[in-house]
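See structure below.
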Amino acid sequence: MRKNAERSKIINVSRARELDRIALQKYFIPSIILMENAGRAVAEAALKFKPASAVIFCGCGNNGGDGFVAARHLFNKGVSATVVIMNDPDKYTGDALTNLKIISKFKIKIKKWNYWKTDFCSPDIIIDGLLGTGFKGEVREPYASAIKKINSFDKPVVSIDVPSGLNADTGCSGGETVNASVTVTMAAVKKGCIAKSALKFCGKIIVADIGLPRNFL
């Protein structure tokens with residue numbers, strides 16, 4: 001675990017959601033700004049690996065939205081970016097949909113996930129934005145096969161907030177779980193990421209500053 005993660009406060013999923021609400025209601029920080037800052041932090045972590053190409057797997061929630069932002073920043077740094085979405089574009093909503101629309105205007109390849117049909121050359125790095133802190137239970141399709149695909153590459157993986165398939169409160173695996181090289185967690189370490197059962201999945205943990213006030217936690 002990295003030093004900034006060791007010094008970070010540890011929060012559960014309920015507290016993380018409360019912080020998002022307080023950010024808007026007390027400090028007037030809209031969620032799309034938090035998403036922008038989160039996605040940029042993920043891109044910065046990925047760029048440390050000096051990739052020429054990246055595949056970004058994006059689920060239908062805010063985790064996927066962070067992935068769309070990361071894809072845009074990687075693209076703007078000259079990285080060949082391919083985004084894999086897990087559903088039809090009209091199934092995305094809110095800030096995630098806004099950022100999907102934004103990257104659709106860039107020269108970023110966007111493909112819908114299909115285990116048998118979604119093909120791409122082995123990338124230099126993979127961004128895991130499939131399942132976020134809201135995940136619990138067992139990983140189901142189409143996410144299970146996407147996680148298997150991610151783990152099949154012998155390449156660095158950067159997970160957003162928590163490796164997909166990991167319960168962010170308990171640290172328990174939901175069956176298929178991403179083996180991350182780096183986990184970029186937002187504002188504070190999630191409780192499940194420091195559980196003994198989770199350490200093999202999280203890799204190095206980086207706590208990202210997403211623009212919340214100092215001493216906010």
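So that you can scan it fast, the table gives a plain yes or no per residue for (1) hydroxyl-bearing (S, T, Y); (2) in contact with a strand residue (DSSP E or B) (Cβ under 9 Å, 6 or more places away or on another chain):
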position: V84; (1), (2): no, yes
position: N114; (1), (2): no, no
position: L130; (1), (2): no, yes
position: V139; (1), (2): no, yes
position: S145; (1), (2): yes, no
| query | Does K26 count as over 20 Å from D169 (Cβ atoms) and modelled with pLDDT of 90 or more? | reply | yes
| field | Residue ID - surrounded by the fewest Cβ atoms within 10 Å (Cβ to Cβ), chosen from residues in segment 37-51 that are touching a residue at least 60 places away in the same chain (Cβ under 8 Å) and closer than 24 Å to F216 by Cα | value | N37
| remark: Within segment 52-71, the count of residues that are buried (at least 23 other Cβ atoms within 10 Å of the Cβ) and either in contact with a His (Cβ under 7 Å, 6 or more places away or on another chain) or over 12 Å from I160 (Cα atoms) (or both) comes to 3
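I'd like to verify a number: residues in segment 45-71 that are of a type outside the set (G, A, S), more than 11 Å from the chain's Cα centre (by Cα) and either assigned to a helix (DSSP H, G or I) or farther than 13 Å from D124 by Cα (or both), how many?
2
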| message | Here's a check for you: in segment 182-206, which residue that is under 13 Å from I160 (Cβ atoms) and hydroxyl-bearing (S, T, Y) is surrounded by the fewest Cβ atoms within 10 Å (Cβ to Cβ)? | response | T185
| message | Quick check on this structure: which one of V42, V83 is under 27 Å from C202 (Cβ atoms) and assigned to a helix (DSSP H, G or I)? | response | V42
| task | Search segment 168-184 for residues that are of a type outside the set (K, R) and pair each with any residue that is surrounded by fewer than 19 Cβ atoms within 10 Å (Cβ to Cβ) and in a loop (DSSP other than H, G, I, E, B) when their beta-carbon atoms are under 7 Å apart and the residues are at least 6 apart or on different chains. | result | D169/N12; T170/A195; G171/A195; G174/G137; G174/E138; G175/E138
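Tell me, which residue of segment 114-162 that is acidic (D, E) and surrounded by fewer than 24 Cβ atoms within 10 Å (Cβ to Cβ) is nearest to K200 (Cα to Cα)?
Checking each candidate, the answer is D154.
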| message | Given the criteria part of a strand (DSSP E or B) and buried (at least 22 other Cβ atoms within 10 Å of the Cβ), does T177 qualify? | response | no
| remark: Considering residues that are at pLDDT 95 or above and surrounded by 14 or more Cβ atoms within 10 Å (Cβ to Cβ), the number found within segment 87-105 is 9
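The values are calculated or read from the model by the stated rules, or taken from the named source; none is laboratory data. This is a predicted model, so every value here is computed, not measured. Cβ: placed from backbone, ideal geometry, glycine included. Neighbour counts: every protein chain shown.
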